[in-house]
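Engineer: Below: one structure in structure tokens.
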Amino acid sequence: MTCRRVAITGLGIIGPHGSSVSSAFSALLEGRSAVRKIEVASEAGTLEFVGAQTSGEPWSSIPTVPIATSDKVSLFALAAADAAIRDANLDLDREDLSRVGVAVGTSLGGVISQESAYYEIIGRNKGRLSPFTLVKVMQNGPAAQIALRYRLQGPSLTHSVTCASSSVSIGESMRSIRHGYADVMLAGGAEALFAYVSIKAWQALHVLAPPRLENIAATCRPFSKDRNGTVLGDGAAFVVLEELERATKRNANIYAELAGYGISNDAAHMTQPSVEGQVMAMELALADARMPADTVDYVNAHGTGTQLNDLIETRALRKSFGSHADNLAVSSTKSMPGHLVGAAGALELIVCTLAVSRQSVPPTANLHDPDPQCDLDYVPNVGRKMRLRAAMSNSFAVGGTASVLIVREGPSGL
């Protein structure tokens, strides 16, 4: 069976660097951090921590947004999906909507609404909740709201595998198009986890970096000798995926081809990754793309900034790429917008897509004292213009899921 090829034709971001894809990518190229002190106040209490927060209400420009039935995570998703559709110049009124679907990755879903509902029952001893509570807190709320808004009748899917959620949503959407189950997919992820209990839960895992009081913005330092944890972010990121021949016929702007997807589970430990699991996902993605390893020029690393994760990923990259590892440009952009968890994979896939499209790679910010055990070219502090044929995006999740996506130049560059 000949698989259909998949094009990326639309990009949408709602995140700590704003809602303009171009401006957000420029900020990353310049090494600008969006990390700052954040205060979360809820019925459960007030909490200060370091993070990268999406400002304002980016969904406010969309007509008739279903605020009453949406958690913040769904509102983020609606805004980013709308931006991607507009960027793709996709006229859904002229589409066969039974051939258009949506897939969303999220880790915690409607956790803000869930926390509020628990407080109503436990803290205030209320006997009844709002009738909209369930549709706000359900994991598939973002996908359902997007499908309802655009009357999509194709697949409506939700993937929840913590840090790899939206990478998986994009990879599985690619498979849906490849194998003929859909012609167009809106795929991405959303996360709105800045709630008291969820931040407390992340703090209890001991993976969040304490604030660098001398420079809060430089708190997250992937691959640095003095790295000591990650920093959380919130927001959403979506892509429009289309069957390549169809996209070409409608004269769509093709940013890049989504060429490969690999997924595995390391089955080793709930929170400690293994080299073998990551290598398996990278090798599966390369095989899926039918590309030799030495045709990949850039890797957007999972790069959380924890001592163990960055070391394991470095070893996995060396094992996967062999001698070519020394030729790779590798960077962790989590050093700037933070770790968007369920939306991280989608955001970083967009970074890879623009890197290939614009022949420029963003840096690993705050990398002034590299760890000698992390011995690859991590593009320290300043972005780089370079020839890029293909880029790889790594997403490695709490729980063991490893998801890897590969993009390569569009038809003119193949």
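Engineer: Return the residues of region 53-101 that are touching a Lys or Arg at 6+ places or on another chain (Cβ under 6 Å) and surrounded by 19 or more Cβ atoms within 10 Å (Cβ to Cβ); say none if nothing qualifies.
Structural biologist: Residue satisfying the conditions is Asp71 alone.
Engineer: Same structure again: Would you confirm whether any residue within region 235-244 is farther than 29 Å from Met174 by Cα and either open to solvent by less than 40 Å² (accessible area, probe 1.4 Å) or in contact with a strand residue (DSSP E or B) (Cβ under 9 Å, 6 or more places away or on another chain) (or both)?
Structural biologist: No, region 235-244 has no match at all.
Engineer: Output the residues belonging to region 257-299 that are on the phi > 0 side of the Ramachandran plot and either modelled with pLDDT of 95 or more or in contact with a Pro (Cβ under 9 Å, 6 or more places away or on another chain) (or both).
Structural biologist: Arg290
Engineer: For region 223-234, indicate whether the set of residues that are open to solvent by 40 Å² or more (accessible area, probe 1.4 Å), in a strand (DSSP E or B) and either at pLDDT 95 or above or under 30 Å from Arg94 (Cα atoms) (or both) is non-empty.
Structural biologist: First, the residues of region 223-234 that are open to solvent by 40 Å² or more (accessible area, probe 1.4 Å): 225-226, 228.
Going one step further and asking which of them are in a strand (DSSP E or B), we end up with none.
No: zero hits.
Engineer: Also, I was wondering about something else. Would you point out the residue of region 1-47, among those that are assigned to a loop (DSSP other than H, G, I, E, B) and of a type in the set (Asp, Glu), that is least open to solvent (accessible area, probe 1.4 Å)?
Structural biologist: Just the residues of region 1-47 that are assigned to a loop (DSSP other than H, G, I, E, B), to begin with: 1-5, 16-17, 19-20, 30-35, 43-44.
Restricting the remaining residues to those that are of a type in the set (Asp, Glu) gives 30, 43.
Numbers: Glu30: 115, Glu43: 82 Å².
Result: Glu43.
Engineer: Among the candidates Val65, Val73, single out the residue that is touching a residue at least 12 places away in the same chain (Cβ under 8 Å) and in a loop (DSSP other than H, G, I, E, B).
Structural biologist: Just a single option satisfies the conditions, and that option is Val65.
Engineer: Check off (1) open to solvent by 40 Å² or more (accessible area, probe 1.4 Å); (2) more than 28 Å from Pro211 (Cα to Cα) for Ala289 and give me the number that stays unchecked.
Structural biologist: Going through the list (1) open to solvent by 40 Å² or more (accessible area, probe 1.4 Å); (2) more than 28 Å from Pro211 (Cα to Cα), Ala289 breaks only (1).
Engineer: Which residue out of Ala190, Ala143 is small (Gly, Ala, Ser), at pLDDT 95 or above and outside any strand (DSSP E or B)?
Structural biologist: Working: Ala190 fails: outside any strand (DSSP E or B).
That would be Ala143, the only listed residue that is small (Gly, Ala, Ser), at pLDDT 95 or above and outside any strand (DSSP E or B).
Engineer: Basic (Lys, Arg), part of a helix (DSSP H, G or I) and over 20 Å from Gly233 (Cα atoms): which single residue out of Arg149, Arg128 fits that description?
Structural biologist: Values: Arg128 fails: part of a helix (DSSP H, G or I).
Only one candidate passes the filter, namely Arg149.
Engineer: List, please: which pairs have Cβ atoms under 9 Å, are six or more places apart or on different chains, and start with a residue in region 196-208 that is open to solvent by 60 Å² or more (accessible area, probe 1.4 Å) and end with one that is part of a helix (DSSP H, G or I)?
Structural biologist: From region 196-208, the pairs are Val197/Val111; Val197/Gln114; Val197/Glu115; Val197/Tyr118.
Engineer: Of all residues in region 266-296, count the ones that are touching a helix residue (DSSP H, G or I) at 6+ places or on another chain (Cβ under 8 Å) and farther than 21 Å from Val398 by Cβ.
Structural biologist: Final tally of qualifying residues: 6.
Engineer: If you don't mind, there's one more thing I want to ask. Is it the case that region 210-219 has a residue that's surrounded by 19 or more Cβ atoms within 10 Å (Cβ to Cβ), at pLDDT 95 or above and either β-branched (Val, Ile, Thr) or in contact with a Leu (Cβ under 8 Å, 6 or more places away or on another chain) (or both)?
Structural biologist: Checked region 210-219: at least one residue is surrounded by 19 or more Cβ atoms within 10 Å (Cβ to Cβ), at pLDDT 95 or above and either β-branched (Val, Ile, Thr) or in contact with a Leu (Cβ under 8 Å, 6 or more places away or on another chain) (or both).
The values are calculated or read from the model by the stated rules, or taken from the named source; none is laboratory data. Quick caveat: nothing in here was measured; it's all calculated off a predicted structure. No Cβ is skipped: glycine too gets one built from the backbone with ideal geometry, and neighbour counts run over all protein chains shown. Surface accessibility is based on the protein's heavy atoms, side chains included, excluding ligands, DNA and RNA. Shrake-Rupley method; radii C 1.70, N 1.55, O 1.52, S 1.80 Å.
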